[in-house]
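What follows is calculated from the coordinates using simple rules that are stated; it is not laboratory data. Model, not experiment: these values are computed from the prediction. Counting neighbours? That spans all protein chains shown, and the Cβs are built from the backbone with ideal geometry, glycine included.
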Protein chains: 2
Amino acid sequence: MRTFEDFAVGDMARMGPMRVGRLEALEFARRYDPEPFLLSDDGTKGHPFFQRMAVSGWLVAALVNRLVVEDLRQNPAAILGTPGVDRLRWLRPVHPNDELVVEAEVVAVRRLPRRPGVGLVRQRVRARNQERRPVLAALLSLLIAAPTRPKVVRTVLDE
Amino acid sequence: MRTFEDFAVGDMARMGPMRVGRLEALEFARRYDPEPFLLSDDGTKGHPFFQRMAVSGWLVAALVNRLVVEDLRQNPAAILGTPGVDRLRWLRPVHPNDELVVEAEVVAVRRLPRRPGVGLVRQRVRARNQERRPVLAALLSLLIAAPTRPKVVRTVLDE
């Protein structure tokens, strides 16, 4: 299990590709973002930016989150939660059947003085579509378990 | 239909209450945020903040978004999209069956010089639980249609 000490500024993870399904986009928009331009191609008539049905930005954010969480679980990390996100930007429309890839780079790590045992890892996250154009950017903060005693380091001398 | 001119700094909307269902929380976490402490009460064992299953912050954000969109549609506004969110903060855990109320206050309005016909409305959004404690805060930006010609104003003289 990776803990706070295993994260360092500059660490980079690449995730995806991941396809955004039309049905999933419709279902999500009906529940959480019922705007005409997210519910059908017709709903974009006269819209200045969207020529056809777009995907809710909140679904794009949730899908990016899934990739980040899955990546952290493949290399298990003791995630304790997400206190916040800064500068979340939907840079271009995402459309049904677009394929996204995601990059996450660690840009800051620090212990929380008032919460011993917890560290903050901040990642710059960027999602691109199949044309390699950025569609989402954000600064995502994660709380990671930070043992107060150093972990035992095994070296060849222990074998 | 309300357009950009109908929004002013200080406008306040109150929404909810809205209950966060346990099944919905589970389904969302399985799809988009598969972390042990979001999937069962058992998954919070040893967790420093959560004593029982919590709700994904991304679901809380999506539910808050639904209330904001529904409110704008009750008083129809020509929403064109959401370019971004700043300082999204999950301030306290939300648990299944919590009831949330949301307040949204307009804190900035401006036309976009490079996009005639589009205005930016920025809202400070805050969600509270049934104990009136804040659980989410964010600055949400919305693009709203901003007709370049002033709307015809009907007065008693027109009747």
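In terms of overall dimensions, the protein assembly as shown has a Cα radius of gyration and Dmax of 21.3, 95 angstrom. Label-point distances for residue A:19 to the equivalent site in the other copies, using a point 7 angstrom along Cα→C-beta, read 3.8 nm when ranked shortest first. The Cα-based radius of gyration and maximum Cα-Cα distance (Dmax) for region A:1-94 are 16.7, 52 Å.
Go through region A:104-151 and name the trypsin sites (Lys or Arg not before Pro) that are in a DSSP coil and have 13 or fewer other Cβ atoms within 10 Å of their Cβ.
Working: sites: A:110, A:111, A:114, A:122, A:124, A:126, A:128, A:132, A:151; in loops: A:114, A:132, A:151.
Answer in residue order: A:114, A:132, A:151.
Between region B:54-109 and region A:47-62, the alpha-carbon centres lie 17 Å apart. Enclosing the Cα atoms of region B:1-47 in their convex hull gives a volume equal to 176 cubic angstrom per residue.
Ratio of Rg to Rh for region B:26-159: 1.12 [Cα atoms; Kirkwood radius as inverse mean 1/r over pairs].
Amide H contacts of residue A:118: A:112, A:146, each under 5 Å away and 5 or more positions distant or on a separate chain (H built 1.01 Å from N in the peptide plane; Pro and chain starts excluded).
If you run the Gaussian network model on chain A, springs between alpha carbon atoms under 10 Å, then out of A:104, A:138, A:127 the most flexible one is A:138.
To make sure I understand, if each residue's beta carbon is the centre and we count other beta carbons within 10 Å, what order do A:3, A:82, A:148 fall in, fewest to most?
A:148, A:3, A:82
The HN-Hα couplings worked out from phi for region A:86-99 by the Karplus form 6.51 cos²θ - 1.76 cosθ + 1.60 (θ = phi - 60°) are 10, 6, 6, 10, 9, 8, 8, x, 10, 10, x, 6, 5, 10 Hz, whole numbers, x standing for Gly and Pro.
Karplus-based coupling profile of region B:42-50, in residue order and whole Hz: 4, x, 9, 3, x, 6, x, 10, 9, with θ = phi - 60° in 6.51 cos²θ - 1.76 cosθ + 1.60 and x standing for Gly or Pro. For peptide A:137-147, the mean count of partner chain Cβ atoms within 10 Å of a residue's Cβ comes to 1.
Once C-alpha pairs closer than 8 Å and six or more residues apart are averaged by separation and normalised to the residue number of region A:4-158, the relative contact order reads 28 percent. Just checking the output field for A:76-88: average partner chain Cβ neighbours within 10 Å of each residue's Cβ? Averaged over the peptide's residues, the number is 6. Remark on residue A:81: its backbone amide H falls under 5 Å from those of A:143, a criterion applied only to residues 5 or more positions apart or on other chains, H modelled at 1.01 Å from N.
In region B:40-82, inverting the average of 1/r over every pair of distinct C-alpha atoms gives 12.8 Å as the Kirkwood radius.
Which of the trypsin sites (Lys or Arg not before Pro) found in region B:44-108 are in a DSSP loop and have at most 14 neighbouring Cβ atoms, other than their own, within 10 Å? Each step should come with its number before you reach the end.
Details: sites: B:45, B:52, B:66, B:73, B:87, B:89; in loops: B:45, B:52.
Here the sparse-neighbourhood loop sites are B:45, B:52.
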